[in-house]
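**Q** Dropping the structure in here first, questions after.
No lab work stands behind these numbers, since they all come straight from the coordinates. Every value quoted in this text rests on a predicted model; they were computed, and no experiment measured them. Neighbour counts run over all protein chains shown; Cβ positions are idealised from the backbone, glycine included.
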Amino acid sequence: MRTVTNFRIDENTRRDFHIWCIQNGTTIAENLRNHINDTLGKRPQPQIKKTGWLSGSNDTDSGLNDRWESSY
């Protein structure tokens, strides 16, 4: 089960960190999760592949070659 963790930091620090994350192709949340996992020596959890109507156009588990919108 996932939980939410909130904490306060200086507004300028948050802004600067957010800019750094954008420049480095990550997000604040992903960077902090990776840092926590590295600190604890844990491996990141594998991404769960989504299937169904909201899945990406590359998902072929449903047998469809494209999203449902293009077949409508």
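**Q** Using θ = phi - 60° and the Karplus curve 6.51 cos²θ - 1.76 cosθ + 1.60, what whole-Hz ³J(HN,Hα) does each residue of region 26-37 get, with Gly and Pro shown as x?
**A** These are the phi-based 3J(HN,Hα) values: 9, 10, 4, 4, 5, 4, 5, 4, 4, 4, 4, 4 Hz.
**Q** Taking the simple approach of a point 7 Å from Cα along Cα-to-Cβ for both ASN34 and ILE9, what is their distance in nm?
**A** Reported label-point gap for ASN34 and ILE9 is 1.4 nm.
**Q** On full extension of the chain, what length is gained from ASP16 through ARG2, given 0.36 nm per residue of separation minus the C-alpha to C-alpha distance?
**A** Result for the pair: 2.4 nm of gain on full extension.
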